[in-house]
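The values are calculated or read from the model by the stated rules, or taken from the named source; none is laboratory data. All values reported here derive from a predicted model rather than from experimental measurement. FYI the Cβ positions are ideal-geometry reconstructions off the backbone, even for glycines, and counts take in every protein chain you see. Keep in mind that these areas ignore ligands, DNA and RNA; they rest on the heavy atoms of the full protein, side chains included. Shrake-Rupley method; radii C 1.70, N 1.55, O 1.52, S 1.80 Å.
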Amino acid sequence: MERVGILGGTFDPPHNAHLAMARAALERIPLDRVLFMPAPEPPHKEPTGLSPYAVRLEMVELAISDQPGLDLSRLEESQRGPSYTVELLDLYRRQHDDEIFLILGADSVRDLPDWKSPESILERATLVVFPRPGYPPAVPVAGEASVVIFEEPVLDISSSSIRQRVRDGKPIDALVPKMVHKFILDNSLYS
């Protein structure tokens, strides 16, 4: 049995805060590995304007290619319809007998009560919560929960702000891994 972190999201694009959270969880909990799981159809995002799933997978591969202990999972690749965390956890558990740590920013945790079956998520995984400016690190769901709350790293980076910076012609090289930056430029993403 391994101790596995799951970092799900849209990853449009993956950025340095994603990597910092994954590395901190990997090293300080500690975990055996962290799986990046891009959602083919995130239920909280409009599909229009979202980069194709294959493009987001490629960017994640580039972002973690030189990061030991960080892996890309294609578990959701064959799923149809919206990607719900509780279903992802069930799918993973049917295939693996691992202890699961679900890595989230405090902004995502704030919305947890609105997710599909939040109590079931708390039963299936230990929450690993990272701070985001302006969001309390509390878990707003009743019931028993195993939670690890980090005080740092606090990296105020969001994928939406990166996309906007590209549209505005502002630099993003300090916000994303070098290979992701090159991929965005080479493929004229977000402009």
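Selection over the stretch 136-151 of residues that are modelled with pLDDT under 85, surrounded by fewer than 16 Cβ atoms within 10 Å (Cβ to Cβ) and within 19 Å of the chain's Cα centre (by Cα) gives a count of 2. For the stretch 72-81, a residue qualifies if it is of a type outside the set (A, V, I, L, M, F, W, C) and open to solvent by less than 60 Å² (accessible area, probe 1.4 Å), and the qualifying residues are Ser73, Glu76, Gly81. Between Pro42, Pro47, Pro13, the distinction of being open to solvent by less than 40 Å² (accessible area, probe 1.4 Å), in a loop (DSSP other than H, G, I, E, B) and at pLDDT below 95 belongs to Pro42 only.
Here is the figure for the stretch 16-34: residues that are in a strand (DSSP E or B) and surrounded by fewer than 21 Cβ atoms within 10 Å (Cβ to Cβ) total 1. Can Ala106 be described as surrounded by 15 or more Cβ atoms within 10 Å (Cβ to Cβ) and touching a residue at least 40 places away in the same chain (Cβ under 8 Å)? Answer is no for this residue.
Looking across the stretch 164-189 at every residue that is touching a Pro at 6+ places or on another chain (Cβ under 8 Å) and under 22 Å from Arg132 (Cβ atoms), the one that is surrounded by the fewest Cβ atoms within 10 Å (Cβ to Cβ) is identified as Arg165. So in the stretch 82-103, with the set limited to residues that are closer than 15 Å to Leu35 by Cβ and β-branched (Val, Ile, Thr), which one is surrounded by the fewest Cβ atoms within 10 Å (Cβ to Cβ)? The residue in question is Ile100.
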